[in-house]
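Read the structure below first, then the notes.
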Amino acid sequence: MKKENYISIETFCKRHGVGESFVYSMYEYEILQVENKPDKRMLHVEELPLLEKMVRLHNELDINPEGIQAIHHLLGQVENLQEEVAALKRKLDVLK
């Protein structure tokens, strides 16, 4: 059985110097998922790289949550387009 790893939002915020409200705003803008555990709200460890990236955008570039949501959406579109281009290149290689 696969063990699921979580970190509390409180722990993440203390270690990264951000308020819990920032994490909850990322949840409200559907950038990340928050798990409700019996004793506290938790983040899945797989969400951490994305959340750390969003914290850097917020802290280093002073981008607000709405801007972060737009950037997240655009980065997703770029990733999808890159995957589509790679798939088309593979199809071309097969036809050659």
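Observations, loosely collected:
- Residue ID - nearest to I9 (Cα to Cα), chosen from residues in the stretch 48-65 that are surrounded by 10 or more Cβ atoms within 10 Å (Cβ to Cβ) and over 14 Å from the mean Cα position of the chain (by Cα): N59
- The stretch 8-22: number of residues that are hydrophobic (A, V, I, L, M, F, W, C) and without any contact (Cβ under 8 Å) to a residue 24 or more places away in the chain: 1
- Any chance L51 is touching a residue at least 24 places away in the same chain (Cβ under 8 Å) and either at negative phi or not in a helix (DSSP H, G or I) (or both): yes
- Considering residues of the stretch 35-47 that are of a type outside the set (D, E, K, R) and surrounded by 16 or more Cβ atoms within 10 Å (Cβ to Cβ) only, the residue farthest from H72 (Cα to Cα): M42
- Within the stretch 11-35, considering residues that are within 14 Å of K53 (Cα to Cα) and assigned to a helix (DSSP H, G or I), the one nearest to the chain's Cα centre (by Cα): M26
- Taken over the stretch 63-96, residues that are among the acidic types (D, E), over 27 Å from E28 (Cβ atoms) and modelled with pLDDT of 95 or more amount to 2.
- As for the stretch 68-82, it holds at least one residue that is within 16 Å of S21 (Cα to Cα) and within 14 Å of the chain's Cα centre (by Cα).
The values are calculated or read from the model by the stated rules, or taken from the named source; none is laboratory data. This one's a predicted model, so the numbers in the text were calculated from it and none came from an experiment. Every residue, glycine among them, receives a Cβ derived from its backbone with ideal geometry; neighbour counts consider all protein chains shown.
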